[in-house]
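Engineer: Take a look at the following structure, please.
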Amino acid sequence: MHALNKILLGATALALPLVSQAQAASLVTVTPPSGAVQTFVFGINSHNVITGSFLDGDGVEHGFFGPLNGDYTTFDYGGTSIGTEPRAISDKGAINGFAADPNFAVGTEFLRNPDGTIETYTKDGVPLDGIAQGLNKKGNSTGDYIDPDSGIRTGYLGKNGNYVSDVDLGLGATRTSPRAINKSGALAGFFVDSGGVTHGFIRDNGVVQVIDADDSGTTSLEGLNKKGFASLQVVDADGNPHSMTYDSVSGEFTTIDVPGSTFQQAYQVNDNGLVAVLTDVGSYIYCPKKAHCPNGAKDIGEGRSWHAKPGSAFVYDRNGRTGVKPARIVQPVRGAKQ
């Protein structure tokens, strides 16, 4: 089981949310499912329905979804899997995710339809081994898988639970991991270049924008909404991930500072700008400044903001670089599988 098992959720129950206008960044604590020892939120749609996973008393990971008051439905992928991890939920209620399995390096990728049926993503009849995450209400999806021939982690596009095609950014990447797809089909995620450095990306209408939030060489985008507003993570020198948002229109980054937490991981962002966030002190829905946030949210103030440095968030140049020179390569030692 992943290292996020170290997180102990100290959440309290909240009432069903009513929309109010937040005047500063704020957090809504995620109510844990019944019987949960640890709870991990990964997705939120535009109706404020969330999805994620929880560990029971035996350490088994189960999927859940529902409104923020804790009136959840739980489910398991089944088969030979030993855990179920939903990663995103569409506005129609479909859920993308993966199921850990001893026969897979990462897990079996699945789509749970709104009627409760579960589809397995396959290519040439073989189940994909990786992470299914990005999903929009049109049924378009994205994720990555380990190519059984090359062993390379490869991005792909899906439709209604079916593999459609690979995603090639044209950057000579040694790993390509799309993690989000918005209403118009723009993709966001991360890739690893030939030097082993991780960069975030947004691909819209065939144009790739490379996103480097800092010079750590660890930027990973996880969510993207219809307004080009993204969620992402970077990793510090101690291996702790830290989350932020990125406005791809203005080029502005803003940190998500959860009081008392050592690390944070931001995942799906809905079309209202709300973000699913995991930390070592709990799971939350983050509401940026001026976003419509559910009642019961607690003000945390606005995080530190800055704009992208020249050359650090544009299409790669002919030398395959954005201008950012990472100090060293850092891999996360905490947090869920990327």
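Nothing in this text is a laboratory measurement; each read-out follows from the coordinates by a stated rule. Because the structure is predicted, anything quoted here is derived from the model rather than measured. All Cβ positions, even for glycine, are placed from backbone atoms using ideal geometry, and neighbour counts span all protein chains on display.
Engineer: Mind listing which trypsin sites (Lys or Arg not before Pro) in the stretch 27-113 are in a DSSP loop and have 16 or fewer other Cβ atoms within 10 Å?
Structural biologist: Those that pass, being in a loop and sparsely packed, are K92.
Engineer: Run the numbers on the stretch 162-250 and let me know its relative contact order in percent, using alpha-carbon pairs under 8 Å that are six or more apart.
Structural biologist: That works out to 20 percent.
Engineer: Among all the aspartates and glutamates, which ones have a C-alpha under 12 Å from K183's C-alpha, if same-chain residues fewer than 8 places away are not counted?
Structural biologist: Hits, sequence-local ones excluded: D91, D204, D271.
Engineer: What percentages make up the Cα-Cα pair-distance distribution of the stretch 177-303 when the bins are 5 Å wide from 0?
Structural biologist: Pair shares across the bins are 2, 12, 22, 25, 19, 13, 6, 2, 0, 0.
Engineer: Taking 8 Å as the Cα distance limit and 6 or more residues as the minimum spacing, I'd like the relative contact order of the stretch 213-293 as a percentage.
Structural biologist: 23 percent
Engineer: Over all distinct Cα pairs, what is the inverse of the mean 1/r for the stretch 3-307, reported as the Kirkwood hydrodynamic radius in Å?
Structural biologist: Details: mean 1/r = 0.0528 Å⁻¹.
About 19.0 Å, per the Kirkwood formula over Cα pairs.
Engineer: Where Lys and Arg each count +1 and Asp and Glu each count -1, what net charge lies around I300 among other residues with Cβ under 12 Å from its Cβ?
Structural biologist: -1
Engineer: Report the relative contact order of the stretch 27-84, percent, no decimals, based on alpha-carbon pairs under 8 angstrom and at least 6 residues apart.
Structural biologist: 26 percent
Engineer: Sorted by mean Cβ packing within 10 Å, highest first, what order do the peptides 285-296, 171-182, 215-226 take?
Structural biologist: Packing proxy ranking, top to bottom: 215-226, 171-182, 285-296.
Engineer: May I ask which of K227/K289; K226/K298; K227/K298; K137/K289 have a Cα-Cα span longer than 23 Å here?
Structural biologist: From K227/K289; K226/K298; K227/K298; K137/K289, over 23 Å: K226/K298; K227/K298; K137/K289.
Engineer: Roughly how big is the stretch 75-225's charge dipole about its Cα centre, with Cβ charges of +1 (Lys, Arg) and -1 (Asp, Glu), in debye to the nearest 20? Don't skip to the answer; put the middle values down first.
Structural biologist: Values: 12 positive and 20 negative charges, 107 e Å.
Here the stretch 75-225 has a charge dipole of around 520 debye.
Engineer: Okay, next question. Evaluate 2.2 N^0.38 Å with N set to the residue count of the stretch 210-250, then give the Cα radius of gyration divided by it. Please report the intermediate quantities before stating the final value.
Structural biologist: Working: Rg = 10.5 Å, N = 41, 2.2 N^0.38 = 9.0 Å.
Rg over 2.2 N^0.38 Å, computed on Cα atoms: 1.17.
Engineer: Chymotrypsin sites (Phe, Trp or Tyr not before Pro), restricted to the stretch 136-195: which are DSSP loop and have at most 14 other Cβ atoms within 10 Å? Could you put the intermediate results ahead of the total?
Structural biologist: Values: sites: Y145, Y156, Y163, F190, F191; in loops: none.
For chymotrypsin sites (Phe, Trp or Tyr not before Pro) across the stretch 136-195 that sit outside H, G, I, E and B with at most 14 neighbouring Cβ atoms in 10 Å, the list is empty.
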